[in-house]
Amino acid sequence: MPSNRLRPRSAGMLLGLALPLLGLSALASAQQPIQENRGELTMRALLAPQQEATLSSRMEGTLDELAVSLGATVAEGDVLARFDCRIEQARVNVANTELGVARLNSQAKDRLRRLDAVGDLEVALARAEVDKAQSALNLAAVQRDRCTLKAPFAGRIAAVHVKPFQTMAAGTPIADLVGDGPLKVRLNAPSAHLSELGEGQPVSLDVSETGKRYAATLSAVSARIDAVAQTVELEARLDQAHDELMPGMTGRATLVAESPTTEDSDEGTP
């Protein structure tokens, strides 16, 4: 009788110990690339843009205009947002006036110097005041230009974080811009196969969202290995542009690893 009562408890304990082990095994197998036959490596792939940036406010102020929306296409140099710049423009006007006064004073000192009415030191000081006023004007102009946010490169708006007439601090994210150039493929391969990986190797990419297969070429191998996952990050470029592909799409990539012993065996052949 005692043994019968202990059997369910023992079975439950064994099952409780087995389930976490199975979960860890499944997680490890999902994270690690799968090695196929004939030296093929199959791994998860992520499409990413060549250029992307989160554009932030460069000043503290109120947003007067938000010229973009989600998914909008912008060209390099297009205005994305404008702040209330009346104070900054007033500073530019003051600096411009001070520069004009300094120039008039310097011209007067030059005329007096020709008449030997002033010395060289006064002329030099007047010219230095002109340079000082010019620098103040340049500084005020730079501060005014921060009121306008322009696209640093051509692309599409992936996210908008603010609303018009919102008051914000410097560094507040305004919009995410994704470049419209060719996409790159990000991969992670086992670090044990590092010696078999090299730029120029062909990559076959199966994208889940489109259900199609695309040709790509390995373009970069990271200079650092992830010691925890024991993987090395790779990048590949698509051989052709495809309008249906978007950043963030995922799939599986198959790469034919080079055999490190091929050249050695050829050199040893008489």
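Tabulated values for the structure
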| quantity | calculated |
| --- | --- |
| Sequence-distant lysines (8 or more away, or on other chains) whose Cα lies within less than 17 Å of Lys132 | Lys109 |
| Heavy-atom accessible area ranking, 1.4 Å probe, most first, across His161, His242, His193 | His161, His242, His193 |
| At R0 = 45 Å, FRET efficiency that the Cβ-Cβ distance of Ala229 and Ile87 yields, to 0.05 | 0.30 |
| Nearest-0.05 FRET efficiency for Thr42 and Ser69, computed from C-beta distance (R0 35 Å) | 0.35 |
| Solvent-accessible area per residue for segment 157-238 (1.4 angstrom probe, square angstrom) | 53 |
| Whole-Å distance, taken between Cα centres, linking segment 44-64 and segment 75-116 | 33 |
| Accessible area expressed per residue, segment 76-141, with surrounding protein chains retained (probe 1.4 Å, Å²) | 67 |
| Spin-label pair Asn138/Phe165, simplified geometry with 7 Å Cα→Cβ offset, distance in nm | 4.0 |
| Solvent-accessible area, 1.4 Å probe, carbon plus sulfur percent, for segment 54-185 | 53 |
| Segment Gln107-Glu60, length gained on full extension (0.36 nm per residue, minus Cα span) | 13.0 nm |
| Low-density loop positions, GluC sites (Glu not before Pro), segment 124-216 - DSSP coil, at most 14 other Cβ in 10 Å | Glu199, Glu209 |
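The values are calculated or read from the model by the stated rules, or taken from the named source; none is laboratory data. Treat the numbers as computed from the prediction; the structure is a model and nothing was measured. FYI the Cβ positions are ideal-geometry reconstructions off the backbone, even for glycines, and counts take in every protein chain you see. Remember, those area values only see protein heavy atoms, side chains included, never the ligands or the DNA or RNA. Shrake-Rupley method; radii C 1.70, N 1.55, O 1.52, S 1.80 Å.
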